[in-house]
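Q: Just passing along the structure, written as structure tokens.
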Amino acid sequence: MNSAASDAGHVDDRVMALVRDSRMIIVSGPGGVGKTTSAAALGVLAARHFSKRVLVLTVDPARRLATALGLDALGNAEVPVHLADAQGSLTMAMIDTKASWDDMVRRHAPDSATRERVLANDLYKTLTSRFVHSHDYVVTERLYDARETGNYDLVIVDTPPSRSALSVLDAPRRMEQFFSSRLLKLLTAPTQSRLLSLASRPFFLVADRILGAAFLSDIAEFFTLFRTMESPIVSRARRVGALLADPATAYVVVTSAESVAMAEAHYLVDELRRRRHCLEVVLANRLLPSQLADGASARAAAVSGHADIRVHALAKAEHAIAQVAARQAAALVEMDGWGTDLVLSESRSGDITDVGALLALGEALTLRSPVILSPRNDVAP
């Protein structure tokens with residue numbers, strides 16, 4: 001579909017350009033800063049104002065987000081979301097690690113017998129259900145599928161929090177390296193030659209005592225079967241890696257103004273730059289609303305020292321707000337120094353309970369104009 005904007009004059013131009021011009025947006029950031037909600041809000045914004053078929057993929061089983069989107073639940077299947085008066089369309093899905101691995105095996109297995117043996121292998125079931133990093137590669141596989149099918153004009157991916165997002169970005173390279181590793185060659189060598197090898201004999205003798213011969217057999221069978229899929233998986237991993245590095249793939253880092261979250265976000269910003277990814281914006285989320293922050297110090301000073309206990313309580317509240325506003329202002333100045341566009345998102349009263357609230361959140365995003373400090377008149381040149 002062609003991207004044609006509706007009447008969106010009230011929405012920030014920088015934000016609109018992000019969702020209008022990008023073909024893929026990868027949203028990363030620390031945990032607990034509203035990253036998943038921000039990704040969904042960008043998706044709703046794009047589908048509402050442009051003739052785009054939008055898919056939002058998330059790794060977070062956010063129940064409240066599903067409810068806000070009018071869905072019973074989010075799962076591995078892509079589900080359309082109803083948007084009133086939308087120029088485009090919105091589809092949502094939550095990446096289910098086990099189901100996505102199964103889909104990948106079905107796609108790449110050389111024949112039905114190999115496919116069924118892999119799916120039935122106990123080690124495979126354990127790795128794809130419980131191993132913490134097993135989701136990294138399937139996230140990139142899923143976004144590649146969504147991008148290459150041609151079914152969507154914009155794919156927005158909500159990555160795992162903090163540095164786990166970098167593990168996702170590294171997954172295609174690690175998968176390619178794994179197939180050429182000595183470990184895989186060792187695990188898939190004939191049993192007799194393994195045991196006769198001076199290098200591997202101690203490992204397998206100990207492993208046999210601890211794990212048992214049956215488990216070793218599962219390991220050997222799984223990796224032998226997995227290796228039959230080497231060619232298509234390695235080829236695809238290279239294409240996925242190229243997609244992640246493509247200038248058309250935009251990266252957004254979400255953070256709050258809290259120091260811990262900012263430290264993680266700054267690390268992600270530096271890493272994305274080091275890897276030469278296209279960092280579009282930093283989104284400072286959950287900020288104190290400007291109507292509270294502006295003039296908080298003056299309001300606190302105006303009512304301080306009053307004898308009335310109610311006014312005194314008000315003064316304490318205004319003073320607390322003024323302190324938060326000062327810390328937030330300092331944090332935003334620090335983020336200005338990160339060298340990328342800074343988009344602001346203020347906290348909203350109440351939970352996000354429907355699609356309209358997500359749209360309002362997206363439409364309220366605002367590009368910050370960096371504060372330029374003028375030299376004081378009383379300072380000598």
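The values are calculated or read from the model by the stated rules, or taken from the named source; none is laboratory data. The model shown is predicted, which means the values in this text are computed figures rather than measured ones. Glycine also receives a Cβ, built like all others from the backbone with ideal geometry; neighbour counts cover every protein chain displayed.
Q: Any chance the stretch 48-66 includes a residue that's part of a loop (DSSP other than H, G, I, E, B), among the small types (G, A, S) and either modelled with pLDDT of 95 or more or touching a Phe, Trp or Tyr at 6+ places or on another chain (Cβ under 7 Å) (or both)?
A: The answer is yes; a qualifying residue exists.
Q: Restricting the search to the stretch 108-134, which residues are in a loop (DSSP other than H, G, I, E, B), touching a residue at least 12 places away in the same chain (Cβ under 8 Å) and closer than 30 Å to G32 by Cα?
A: Answer for the stretch 108-134, where residues must be in a loop (DSSP other than H, G, I, E, B), touching a residue at least 12 places away in the same chain (Cβ under 8 Å) and closer than 30 Å to G32 by Cα: just H133.
Q: Residues in the stretch 226-272 that are modelled with pLDDT under 90 and acidic (D, E): how many?
A: The total comes to 1.
Q: State which residue pairs qualify: first residue farther than 19 Å from G241 by Cβ and part of a loop (DSSP other than H, G, I, E, B) and inside the stretch 135-164, second residue modelled with pLDDT of 85 or more and among the hydrophobic types (A, V, I, L, M, F, W, C) in any location, beta carbons under 6 Å apart, and separation of 6 or more residues or different chains.
A: Y152/L55; Y152/A146
Q: Suppose the filter is in a loop (DSSP other than H, G, I, E, B) and at pLDDT 90 or above; does G339 pass it?
A: Yes.
Q: Only one of Y267, Y251 is within 30 Å of R14 (Cα to Cα), under 16 Å from the mean Cα position of the chain (by Cα) and surrounded by fewer than 17 Cβ atoms within 10 Å (Cβ to Cβ). Can you tell me which?
A: Being within 30 Å of R14 (Cα to Cα), under 16 Å from the mean Cα position of the chain (by Cα) and surrounded by fewer than 17 Cβ atoms within 10 Å (Cβ to Cβ) holds for just one of Y267, Y251, which is Y267.
Q: Given A99, A93, A113, which one is over 25 Å from L166 (Cβ atoms) and either surrounded by fewer than 20 Cβ atoms within 10 Å (Cβ to Cβ) or modelled with pLDDT under 90 (or both)?
A: Answer to the selection: A113.
Q: How many residues are farther than 23 Å from D21 by Cβ, part of a helix (DSSP H, G or I) and not hydroxyl-bearing (S, T, Y) if we restrict to the stretch 230-264?
A: Qualifying residue count for the region: 12.
Q: Output yes when any residue across the stretch 31-47 is on the phi > 0 side of the Ramachandran plot and in contact with a helix residue (DSSP H, G or I) (Cβ under 7 Å, 6 or more places away or on another chain), and no when none is.
A: No, because not a single residue in the stretch 31-47 is on the phi > 0 side of the Ramachandran plot and in contact with a helix residue (DSSP H, G or I) (Cβ under 7 Å, 6 or more places away or on another chain).
Q: Then there is this: Could you list, in sequence order, the residues of the stretch 345-356 that are closer than 25 Å to Y251 by Cβ and buried (at least 18 other Cβ atoms within 10 Å of the Cβ)?
A: S345, E346, I352
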